[in-house]
1. Would you kindly identify the helices (runs of 4 or more DSSP H) lying entirely within the range B:1-106 that contain at least 2 residues that are touching a Lys or Arg at 6+ places or on another chain (Cβ under 9 Å)?
2. Test of understanding: among B:GLY182, B:GLY207, B:GLY202, which residue is surrounded by fewer than 20 Cβ atoms within 10 Å (Cβ to Cβ) and either in contact with a strand residue (DSSP E or B) (Cβ under 8 Å, 6 or more places away or on another chain) or more than 13 Å from every other protein chain (Cβ to nearest Cβ) (or both)?
3. Test A:GLY45 against the criterion of being modelled with pLDDT under 95 and not in a strand (DSSP E or B), and give yes or no.
4. Starting from residues that are among the small types (Gly, Ala, Ser) and in contact with a Ser or Thr (Cβ under 6 Å, 6 or more places away or on another chain), keep the ones in the range A:127-156 and report whichever is nearest to A:ALA196 (Cα to Cα).
5. Out of the helices (runs of 4 or more DSSP H) lying entirely within the range A:161-261, which hold 3 or more residues that are surrounded by 18 or more Cβ atoms within 10 Å (Cβ to Cβ), in contact (Cβ under 8 Å) with a residue 24 or more places away in the chain and under 18 Å from the mean Cα position of the chain (by Cα)?
6. Output the qualifying pairs, or none if there are none: Cβ atoms under 7 angstrom, residues six or more apart or on different chains, first residue in the range B:217-233 and under 15 Å from B:MET199 (Cα atoms), second residue aromatic (Phe, Trp, Tyr).
Amino acid sequence: MAEPALALVQSSPAPAHAQIAFDKVALVLGGKAIIDTISLEVAAGEILCVVGASGCGKTTALRLAAGLYQPTGGAVRFEGEVMRAPRREIAVVFQDYGKALLPWRTAAGNVSLALETIGMPSAQRAARIAELLAKVGLAGHAAKYPTEMSGGMQQRLQIARCLAQDPKVLLMDEPFGALDAMTRQGLQDEMLALVASTGATVVFVTHDLEEAIYLGDRVVGLLPHPGRVGLELTIDLPRPRDQLATREHPEFLRLRRALFDFIKASE
Amino acid sequence: MRWSVIAWRCASFVVAAGVIALWQLAADRRLISPVFLPGPDRAWASLLRGFTSGDLLTKLTGTLTHMAYGWLLASVAGIALGAMIGSSKAMRIYVAPTLELLRPLPVSAIIPVAIAAFGLNQSMALFVIAFGSLWPMLLGTIHGFAAVEPRLYEVARVLHMSRLAVIFKIALPSAAPDILAGMRLSLTVALILAVVCEMLAGLDGLGQWVLLSARAFRSADLFAGVMLLGIIGYITALAMGAAESRLLRWQAARR
């Protein structure tokens, strides 16, 4: 463990403008510390990527941000308010799209689930469903069942359902991890365009370091056992990002080296 | 694809016709005394006579009514109880031993208890049929509710779905294949028990018709009744299958 050699970043207390704030958050499950004192804020409209070696609690941190877990120490705040349960302003895109979609509902039906839940009258739903499906490039597939779709299409569908919530925050848990490289790059760009158009805040967990740099305004590296913040990088790459130009940018390569070194040292 | 389906359907009819032909042959050759085995011609004639001039229709509706009421009662109870038990782990742990004790109990052993409690009447039949056909549905529903993908419950939490919405939009559709499989099994059980109860309690129905025909050595009537029971079983199973494939269209997409 070359951990002391790393610059350990301890964030200052949450400023008032933070949309999501982790205030000295700790999580102990079954006597085992999973997350130890993470302090972190995410500003509105920011894209924050979280990386780390397996077992560093990045998915757990995301679930804390979603309100699916409650911290055993400290607090998670959304717009200054302590999170006690999931909220509709915060949508979660799960990695396992195959499990997160309702297999007995068509693409349109799956999007409809979110609209029904927010209480949209059925007369308005059809138009909104068509609009959302078109937004994620599934315009011609409304009547298909998830099992009739490819992995990339299913993940698009899940994103459409999340957008139906009209969220202020999108929490994404390795959403493209199970997809092939080409599909993944396509979806990365689509996601950036969608987020730019909605202005949503994004917390994006990934194990793909290049993906983290490519997407993020900021990348946070977590250290494992127990999970804590080990590195924070601000990504000053021009937007809109480009799969070739951005990835060849000297700054990209510098950040990539820094992130790889960090992960290597933390393992 | 379509042609092979038609070909197989035709082949299955040929087999059925062959069995009837053999039956006719055995009866014509008097391999078995006509007192015990009427030919299909005599059984068919008796069936028609039963409907036109006899009370076979009343018997038929009697059996169908017993079967339907018992089965519906069991469905409602089985799905409601199963949903309750299946959606709570604590409930499953508490109730499972009791269920395991009751489930393998032969329903025929319950009949005397039911007769003692209700007497020889419709209530007794309803209780026995419902009790017997409860199990496949109860166990199917418990399993279906217990096997709901946990991720879907998280999706429901993130969406702030109400408890009722979670049951009707997530748990029930997810458990539907198991529930429908249970309902299909129960349908057969309900028919068997309807006949048994009619025989024992002398209730208006095909069970009673078959028993009385046998006792009076009216073998053609007996076979007409048996044939009718077979047809009921076949048609209800077909209807159930059609309902299943309609409700579970999404599963066909998976294959």
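The values are calculated or read from the model by the stated rules, or taken from the named source; none is laboratory data. Since we're looking at a predicted model, the values are computed, not measured. Here Cβ is always computed from backbone atoms with ideal geometry, including for glycine, and neighbour counts include all displayed protein chains.
1. Numbers: elements: B:2-28, B:40-52, B:56-86, B:89-102.
Qualifying helices (runs of 4 or more DSSP H): B:40-52, B:56-86.
2. Values: B:GLY182 fails: surrounded by fewer than 20 Cβ atoms within 10 Å (Cβ to Cβ); B:GLY207 fails: surrounded by fewer than 20 Cβ atoms within 10 Å (Cβ to Cβ).
One residue alone meets the criteria, B:GLY202.
3. Numbers: modelled with pLDDT under 95: yes; not in a strand (DSSP E or B): yes.
Answer is yes for this residue.
4. We begin by selecting, within the range A:127-156, every residue among the small types (Gly, Ala, Ser); these are A:127, A:130, A:134, A:137, A:139-140, A:142-143, A:150-152.
Subsequent filtering for residues that are in contact with a Ser or Thr (Cβ under 6 Å, 6 or more places away or on another chain) retains A:143, A:152.
Values: A:ALA143: 28, A:GLY152: 20 Å.
Filtering first and then ranking leaves A:GLY152.
5. Values: elements: A:181-198, A:209-215, A:245-248.
Because the criterion is at least 3 residues that are surrounded by 18 or more Cβ atoms within 10 Å (Cβ to Cβ), in contact (Cβ under 8 Å) with a residue 24 or more places away in the chain and under 18 Å from the mean Cα position of the chain (by Cα), the helices (runs of 4 or more DSSP H) in the range A:161-261 that meet it are A:181-198, A:209-215.
6. From residues that are under 15 Å from B:MET199 (Cα atoms), the pairs are B:GLY225/B:TRP209.
Yes/no matrix, rows are residues, columns are (1) in contact with a His (Cβ under 7 Å, 6 or more places away or on another chain); (2) buried (at least 18 other Cβ atoms within 10 Å of the Cβ); (3) modelled with pLDDT of 95 or more:
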{"residue": "A:GLN10", "(1), (2), (3)": "no, no, no"}
{"residue": "A:ALA16", "(1), (2), (3)": "no, no, no"}
{"residue": "A:PHE22", "(1), (2), (3)": "no, yes, no"}
{"residue": "A:GLY31", "(1), (2), (3)": "no, no, no"}
{"residue": "A:GLY57", "(1), (2), (3)": "no, yes, no"}
{"residue": "A:ALA85", "(1), (2), (3)": "no, no, no"}
{"residue": "A:SER112", "(1), (2), (3)": "no, yes, yes"}
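Conditions tested, residue by residue: (1) buried (at least 23 other Cβ atoms within 10 Å of the Cβ); (2) within 14 Å of chain A (Cβ to nearest Cβ); (3) within 14 Å of B:TRP71 (Cα to Cα).
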{"position": "B:LEU101", "(1), (2), (3)": "no, no, no"}
{"position": "B:VAL148", "(1), (2), (3)": "no, yes, no"}
{"position": "B:TYR153", "(1), (2), (3)": "no, yes, no"}
{"position": "B:VAL158", "(1), (2), (3)": "yes, yes, no"}
{"position": "B:ALA165", "(1), (2), (3)": "no, yes, no"}
